[in-house]
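Novice: First the structure, then my questions, so here it is.
The values are calculated or read from the model by the stated rules, or taken from the named source; none is laboratory data. Quantities reported herein were computed from a predicted structural model and do not represent experimental measurements. As a convention, Cβ positions derive from the backbone with ideal geometry for all residues, glycine included, and neighbour counts pool all protein chains shown. Heavy atoms of the whole protein, side chains included, go into the accessibility calculation; ligands, DNA and RNA do not. Shrake-Rupley method; radii C 1.70, N 1.55, O 1.52, S 1.80 Å.
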Amino acid sequence: MSLGALFVRDVRLAWSAGGGGPVGVIFYLAVSAVAPFALGPDLPLLARLGPALLWIAVLLALLLGLERLFQSDQEDGTLDQLRLGGAPLELVVIVKAAAHWTAAALPLIVATPLAAILLNLDGATLALTLVTFLLGTPALALIGSIGAAVAVSLRRAGVLIAILVLPLSIPVLIFAVAAIEAAGAGRAVLPPLALLGALALVSAVVAPIAAAAALREID
Amino acid sequence: MKSLQVAELCVDRGERRVLDRVSFTVAAGRACAVTGPNGVGKSTLLRAIAGLTGIESGTVTFLNWDSERAGAIHFVGHLDAVKPQFSVAENAAFWCRWLGDGSAGESVVEAALDTVGLLHLAEMPAQFLSQGQRRRLALARLRMAPRPLWLLDEPTAGLDTASRATFAAMMANHLAGGGLVLAATHEPLGIDGADELRLAPS
């Protein structure tokens, strides 16, 4: 077994032809580019709504690639071989979730300064938004892996995965936006950030166990 | 001596009992062909032994094996586990690193591809392979990491005559080294003295 090889393979697959990597980034930038047209050229309003809009866009962009997270491997027999590699299935899930984060979430974080210009965010707000992304998106990727594993043998499972994953993702959204709002209102930023980090840690423990249990049920 | 012992194995699929009290033993250096009509449970038997399908009752015992089940089995199923986006060599190199202990180098991958006659296509994207060539790429996994038990589900489907002969030689070589082969097949395995386990519809 070589977990590093699996990680590299998954990231490369996501960004090779037919992978979901570029689609998520384009979706994310499209949402943040369209928002100013919908809301009108009210700069203070854009700045106030901006971080929340970015978080919604990230949440939905990360859902796009989830359907294929385990399904593409299940369809072509790769998952059987992954189960026979000698590595515990929980580790396989962690590595695949990490690869999903690297291929899908990291490019969104890199693209965020560009989106921030479109939404008139100032430097401090942008920096804090990036911090909440860094803490929150790993939790989203891990929670998403549960939904992807549960729906692995279903066709056209994208919407079902969204329904499964979105309610579990709401706490991440709440504490991330709460941290940014607290900074704007002059309140302490650390408590919501700490809760956001706690969510990431809890999902790092729970998600691999839950997703691996779901994957073992396939036959 | 290593052996695989299956006793009173029962497996259900979708409320239907597919395997009902199947018992047999495969000893080291022996090959066993699992035969029977379509839908009789040949693939299910192989998947159950590999631990990919849950069993209702009965036991699958690996006697005198020094590694755990997942590290002792090569499984070649109907699906080839080939990623069309990657080249032949990249597909092979990934499985070599995943199934082996990580110490195998490029020479192992090249030797395995050479055995199945795909070395000259190493740089080609796997999406351009024919069905038989994809099958040979899947069979190349058997050469990449030494594992004692080969579970093969219709391994020669889509192979031409020359490739079948090559594959029979691969199996003979594996058996001579003390390996075990359990193959679901509708055709002769091409190995002298192979046992046969005939599954009958229940």
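Novice: Criterion first (within 14 Å of another protein chain (Cβ to nearest Cβ), in a helix (DSSP H, G or I) and touching a residue at least 40 places away in the same chain (Cβ under 8 Å)) does A:LEU6 satisfy it?
Specialist: For A:LEU6, the condition - within 14 Å of another protein chain (Cβ to nearest Cβ), in a helix (DSSP H, G or I) and touching a residue at least 40 places away in the same chain (Cβ under 8 Å) - is met.
Novice: Then there is this: Take the residues in the stretch B:66-83 that are outside any helix (DSSP H, G or I) and surrounded by fewer than 16 Cβ atoms within 10 Å (Cβ to Cβ), then tell me which one is farthest from the other protein chains (Cβ to nearest Cβ).
Specialist: Residues of the stretch B:66-83 that are outside any helix (DSSP H, G or I), as a first pass: B:66-68, B:72-83.
Those left that are additionally surrounded by fewer than 16 Cβ atoms within 10 Å (Cβ to Cβ): B:66-68, B:78.
Values: B:ASP66: 13, B:SER67: 8, B:GLU68: 7, B:HIS78: 7 Å.
If we take residues in the stretch B:66-83 being outside any helix (DSSP H, G or I) and surrounded by fewer than 16 Cβ atoms within 10 Å (Cβ to Cβ), then B:ASP66 is farthest from the other protein chains (Cβ to nearest Cβ).
Novice: May I pose another question? Are any residues in the stretch A:183-219 open to solvent by less than 30 Å² (accessible area, probe 1.4 Å) and part of a helix (DSSP H, G or I), and if so, which ones?
Specialist: If we filter the stretch A:183-219 for residues that are open to solvent by less than 30 Å² (accessible area, probe 1.4 Å), which is where we start, we get A:192-193, A:196-197, A:200, A:203, A:207-208, A:211-212, A:214-215, A:218.
Listed by number, the residues that qualify are A:PRO192, A:LEU193, A:LEU196, A:GLY197, A:ALA200, A:SER203, A:ALA207, A:PRO208, A:ALA211, A:ALA212, A:ALA214, A:LEU215.
Novice: Within the stretch A:37-71, can you find the residues that are part of a helix (DSSP H, G or I), open to solvent by less than 30 Å² (accessible area, probe 1.4 Å) and in contact (Cβ under 8 Å) with a residue 60 or more places away in the chain? It would help to see each step written out before you state the result.
Specialist: At the first step, the residues of the stretch A:37-71 found to be part of a helix (DSSP H, G or I) are A:37-39, A:43-64, A:68-71.
Adding the requirement that they be open to solvent by less than 30 Å² (accessible area, probe 1.4 Å) leaves A:46, A:50-51, A:54-55, A:57-59, A:61-62, A:69-71.
Residues satisfying the conditions are A:LEU46, A:GLY50, A:PRO51, A:LEU54, A:TRP55, A:VAL58, A:LEU59, A:LEU62, A:LEU69, A:PHE70, A:GLN71.
Results for (1) under 30 Å from B:LYS83 (Cβ atoms); (2) more than 14 Å from every other protein chain (Cβ to nearest Cβ); (3) under 17 Å from the mean Cα position of the chain (by Cα); (4) not aliphatic (A, V, I, L, M), shown as yes or no for each residue.
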{"position": "A:PRO41", "(1), (2), (3), (4)": "no, yes, no, yes"}
{"position": "A:ALA47", "(1), (2), (3), (4)": "no, yes, no, no"}
{"position": "A:VAL58", "(1), (2), (3), (4)": "yes, yes, yes, no"}
{"position": "A:LEU63", "(1), (2), (3), (4)": "yes, yes, yes, no"}
{"position": "A:THR102", "(1), (2), (3), (4)": "yes, yes, yes, yes"}
{"position": "A:PRO113", "(1), (2), (3), (4)": "no, yes, no, yes"}
{"position": "A:ASN120", "(1), (2), (3), (4)": "no, yes, no, yes"}
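Novice: Please determine, by comparing only the residues of the stretch A:73-94 that are away from chain B (no Cβ under 11 Å) and open to solvent by 10 Å² or more (accessible area, probe 1.4 Å), which one is farthest from B:ARG47 (Cα to Cα). If you could, list the steps in order and put the result at the bottom.
Specialist: Pass one, the stretch A:73-94, residues away from chain B (no Cβ under 11 Å): A:90-91, A:93-94.
From what's left, open to solvent by 10 Å² or more (accessible area, probe 1.4 Å): A:90-91, A:94.
On the way: A:GLU90: 20, A:LEU91: 22, A:ILE94: 25 Å.
Ranking the qualifying residues of the stretch A:73-94, first place goes to A:ILE94.
Novice: Yes or no: A:GLY20 touching a residue at least 24 places away in the same chain (Cβ under 8 Å), open to solvent by 30 Å² or more (accessible area, probe 1.4 Å) and within 14 Å of chain B (Cβ to nearest Cβ)?
Specialist: Yes: the conditions hold for A:GLY20.
Novice: Still on this structure: Enumerate the pairs (first residue in the stretch B:122-136 and closer than 20 Å to B:SER107 by Cα; second residue anywhere and polar (S, T, N, Q) and open to solvent by 70 Å² or more (accessible area, probe 1.4 Å)) with beta-carbon separation below 6 Å, excluding pairs fewer than 6 apart on the same chain, so at least 6 apart or on different chains.
Specialist: none
Novice: Let me ask another. For the stretch B:93-135, which residues satisfy the criterion of being touching a Ser or Thr at 6+ places or on another chain (Cβ under 6 Å) and charged (D, E, K, R)?
Specialist: B:ARG97, B:GLU123, listed by residue number.
Novice: Between a residue in the stretch A:197-219 that is within 14 Å of chain B (Cβ to nearest Cβ) and any residue that is open to solvent by less than 40 Å² (accessible area, probe 1.4 Å) and part of a helix (DSSP H, G or I), which pairs come within a Cβ distance under 6 Å, given they are 6 or more apart or on different chains?
Specialist: A:ALA212/A:LEU89; A:ALA212/A:VAL93; A:ALA214/A:ALA149; A:LEU215/A:LEU89; A:LEU215/A:ALA149
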